[in-house]
Amino acid sequence: MILVTGSTGRVGYRLMEALADARADATAMVRVEAKAADLPGSGRHVVGTLDDPPPAQVLRRFDRIFLLSPEIEEQVELERAFIDAVAKAGHRPHIVKLCADGFQDPGCDVRFMLAHRQVAYHLDSVGLPVTYLAAATYMDDLLGEAEEIQRTGEIRASAGTGRAGFIAATDVALAAAHVLTTDGHEGDTYVLTGPEALSYADVARRFSAVFGRKVEYADLPSARIRDLLLESGRTPWQADGDLERFAWIRQGGAATVTGTVREFTGADPRPLEEWLADSRATFTGPL
């Protein structure tokens, strides 16, 4: 049986859909009972959080666990607490942990990747079997900038001409479903990317082509980007992490493209143009 943490988020929800389509025996972990009502699948769920997980007798039901938490300052603490609870339950389930691409590179010092690396060290120390899914930059991150893009006609970042292998959350979820429902992945790290590495100028051109209106890339100074991130609701810790990630992209660290999604799912990952077309209402709706 599979336990899915982060089941109501952008990847977790789509993972629940994919597992339901695969007729997998999956259970969602939700913070409160009401959160389970609209999830795909059978509706099977347990109530718990990473720092207040279900009791050991409940955790022992699961032989595979999908581990996902948001990019917040407390991420390492939360995931360690959950891992400790699973280890103490004594049954050694296979952990499939979603990470950010770059965590596996000792030279990458972006705080989000460092957090995943610290959790990986902890998983190693407790001896649980694990598979890491290292996802590239999400296309879905652009959804949070939709209003600004409409209002200004600009995609704002400080990534220079650096490229990233932008991937749709749906493709990450489909790859995760494959790993959770097949054998032979313990000890492996898989990098998940979209079909090509794109600069933010490339992304802006795709916006223009899909929506028929001019969108440009504004490569702004880091200080200005930080102000914009804080105005959008990012915490200072998250905003500084975003700047570190932009620097990593600018320096070429994110330009990897792999064929893993196709290998796992039998289909090519979604190109940005298709994802944008499907997200048209968000990017062209009323402000």
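Once backbone amide H atoms are built at 1.01 Å from N, residue 216 has 154, 155 as its partners under 5 Å, excluding neighbours fewer than 5 places away on the same chain.
Annotation: aspartates and glutamates with alpha-carbon distance below 17 angstrom to residue 35 (same-chain offsets under eight excluded): 17, 52.
Computed from label points 7 Å out along Cα-Cβ, the spacing between residue 81 and residue 214 is 5.1 nm. Relative contact order of the chain, taken over Cα pairs closer than 8 Å and 6 or more residues apart, is 18 percent. Only helices enter the 222 nm calculation for the chain: every DSSP H run of n ≥ 4 contributes -39,500 (n - 2.57), and dividing by all residues gives -12500 deg cm²/dmol, rounded to 500.
Going by neighbour counts of Cβ atoms within 10 Å, the residues 108, 99 line up, fewest first, as 108, 99. Taking label points 7 Å from Cα along the Cα-to-Cβ direction, residue 1 and residue 154 give a separation of 5.3 nm. Stretch residue 141-residue 49 to full length: gain in nm at 0.36 nm per residue minus the Cα-Cα span? Gain on extension, residue 141 to residue 49, equals 30.7 nm. Centre-to-centre separation between the Cα atoms of the range 159-238 and those of the range 24-47: 28 Å. If one takes the longest principal axis of the Cα atoms in the chain, at what angle in degrees, from 0 to 90 and to the nearest 10, does the Cα axis of helix 200-211 lie? Between the helix axis and the principal axis of the chain, the angle is about 80 degrees. Considering only beta bridges that DSSP places wholly inside the range 88-233, some 10 percent are antiparallel. Contact order, relative form, for the range 1-147: 19 percent (alpha carbon pairs under 8 Å, 6 or more residues apart, mean separation divided by residue count). Ranked for footprinting exposure by Cβ neighbours inside 10 Å, fewest first, 23, 156, 163 give 23, 156, 163. Annotation: lysines with alpha-carbon distance below 20 angstrom to residue 88 (same-chain offsets under eight excluded): 97.
Neighbouring Cβ atoms within 10 Å as the yardstick, rank 74, 79 fewest first. List each step's numbers first, then the result.
Details: 74 14, 79 25.
Sorted ascending by nearby Cβ count, the order is 74, 79.
The DSSP beta bridges internal to the chain are antiparallel in roughly 10% of cases.
Just so you know, all these numbers are worked out from the coordinates, no wet-lab data involved. Being a predicted model, the structure only gives us computed values, none of them experimental. Positions of Cβ are backbone-derived with ideal geometry, glycine not excepted, and every protein chain shown enters the neighbour counts.
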